[in-house]
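Heads up: the structure comes next, in structure tokens.
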2 protein chains.
Amino acid sequence: MGRPRGFDEEAVTAAAAALFAARAYDGVGVDDLVQQLGVHRNSLYKTFGSKRGLYLVALRWYSRHVLVPLADRLATGADTERCIADLVGRNDLDLLLLAAVERAPADAEVASVVAETLQLLQRALDRASADRGRITLSEILGERLRARAVFAPSDDDSVD
Amino acid sequence: MGRPRGFDEEAVTAAAAALFAARAYDGVGVDDLVQQLGVHRNSLYKTFGSKRGLYLVALRWYSRHVLVPLADRLATGADTERCIADLVGRNDLDLLLLAAVERAPADAEVASVVAETLQLLQRALDRASADRGRITLSEILGERLRARAVFAPSDDDSVD
DNA sequence: CGCATTTAGGAACGATCGTTCTTGACTGAT
DNA sequence: ATCAGTCAAGAACGATCGTTCCTAAATGCG
């Protein structure tokens, strides 16, 4: 009963995760979310409760649907180098980096998700490099941090 | 001529660096700065031009007066382990981490300072561990990131 | 067909953001 | 002592923040 929702909740969650990975939490306004996600304010607050609620859902979705598969692929031990190169070269780790540095110190729930996700990656890496054991998770995180630490004008800087 | 200023510019810069190291850039309001630095709005804008201006001055001051000495101590090669343990265990790296992850992608000048500072640390570490060469700068950054990724209720959360 | 219910679309809220302006107090040079 | 010039103190600005409210449109069920 009632009018059916005109958006895919998971797609919105994924898009929110992408936004929060590109900018800092406080740098992403609800207006940005509404505009880029195609969901309107009311639906957003009805579905996720608050901006922080959406952030937490997006963070958990990202951990489960982006990093867990990546950790699984890593844990098999095949293509380890390729996996690590992807982690450093692509932006898959960015939301985790931002959450760890910026939100976790101020938000216990975020800190909890970050801790679990880090453990997850740690175990996968331990398994992957049980024999080849050279690179550490810290080093991967540091490498990605350095790769991210460059000025990269975002696409919507020229948007009205 | 004129009334002499009632604050120490360098002390204010250092205090601002500490604030920006604890919270994210957007998480530190001008009100926070005014309140915790003891400087009043007018003086702050007269001296530093803007919030971003103060941030840049604080970041450069921090690079020069905190990380450069630390890099020098590291480059001597004496007490290398102690130096690294300090980098990971204390919060000396935090402003650099935040600047790298959060501000650099959105601010070219910040990115420039971060890049120079990272090079600085890299060279110092290269010199320090020319013989013992084990830990990388990326690993130190990653270690500190993980150490920071815990919920740490800040002192002024209970302040009115 | 209506009735109940949920969504979409925006206007609007108070609060806070970074910044500027106004006013008065203080000091150094004439 | 007086005047110019700087600083302190805080009110006030428009803009934007996260959030809520109101109204109209769209569906499943009787």
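Would you check which residues across segment A:83-95 are touching a residue at least 40 places away in the same chain (Cβ under 8 Å) and either outside any loop (DSSP other than H, G, I, E, B) or open to solvent by 30 Å² or more (accessible area, probe 1.4 Å) (or both) and list them?
A:Cys83, A:Ile84, A:Leu87, A:Val88, A:Gly89, A:Asn91, A:Asp94, A:Leu95
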Qualifying residue in segment A:121-144 (condition: surrounded by fewer than 15 Cβ atoms within 10 Å (Cβ to Cβ), within 12 Å of chain B (Cβ to nearest Cβ) and at pLDDT below 95): yes
- prompt: If you scan segment A:34-64, which residues turn out to be at pLDDT 95 or above and within 20 Å of A:Asp92 (Cα to Cα)?
  reply: A:Leu54, A:Tyr55, A:Leu56, A:Val57, A:Ala58, A:Leu59, A:Arg60, A:Trp61, A:Tyr62, A:Ser63, A:Arg64
task: Look through segment A:111-120, keep the residues that are over 22 Å from B:Leu137 (Cβ atoms) and surrounded by fewer than 23 Cβ atoms within 10 Å (Cβ to Cβ), and return whichever of them is farthest from the other protein chains (Cβ to nearest Cβ).
output: A:Leu120
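Would you check which residues across segment B:83-94 are within 11 Å of chain A (Cβ to nearest Cβ) and either under 13 Å from the mean Cα position of the chain (by Cα) or charged (D, E, K, R) (or both) and list them?
B:Asn91, B:Leu93, B:Asp94
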- prompt: Is it the case that segment B:52-70 has a residue that's more than 14 Å from DNA strand D (Cβ to nearest atom), within 14 Å of chain A (Cβ to nearest Cβ) and among the small types (Gly, Ala, Ser)?
  reply: yes
- prompt: If you go through segment A:72-82 one residue at a time, how many are of a type in the set (Ser, Thr, Tyr) and surrounded by 15 or more Cβ atoms within 10 Å (Cβ to Cβ)?
  reply: 1
- prompt: Identify, please: which residue in segment A:20-41 is under 23 Å from A:Ala147 (Cα atoms) and within 14 Å of DNA strand D (Cβ to nearest atom) and is, among those, farthest from the other protein chains (Cβ to nearest Cβ)?
  reply: A:Phe20
task: Of the numbered conditions (1) more than 14 Å from chain A (Cβ to nearest Cβ); (2) away from DNA strand D (no atom under 16 Å from the Cβ); (3) free of Cβ contacts under 8 Å to residues at least 60 places away in the same chain, B:Ala17 fails exactly one; give the number of that condition.
output: (3)
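The values are calculated or read from the model by the stated rules, or taken from the named source; none is laboratory data. Computed from a prediction, not measured in an experiment: that's the story for all the values here. No Cβ is skipped: glycine too gets one built from the backbone with ideal geometry, and neighbour counts run over all protein chains shown. Note: areas computed on protein heavy atoms with side chains; ligands, DNA, RNA excluded. Shrake-Rupley method; radii C 1.70, N 1.55, O 1.52, S 1.80 Å.
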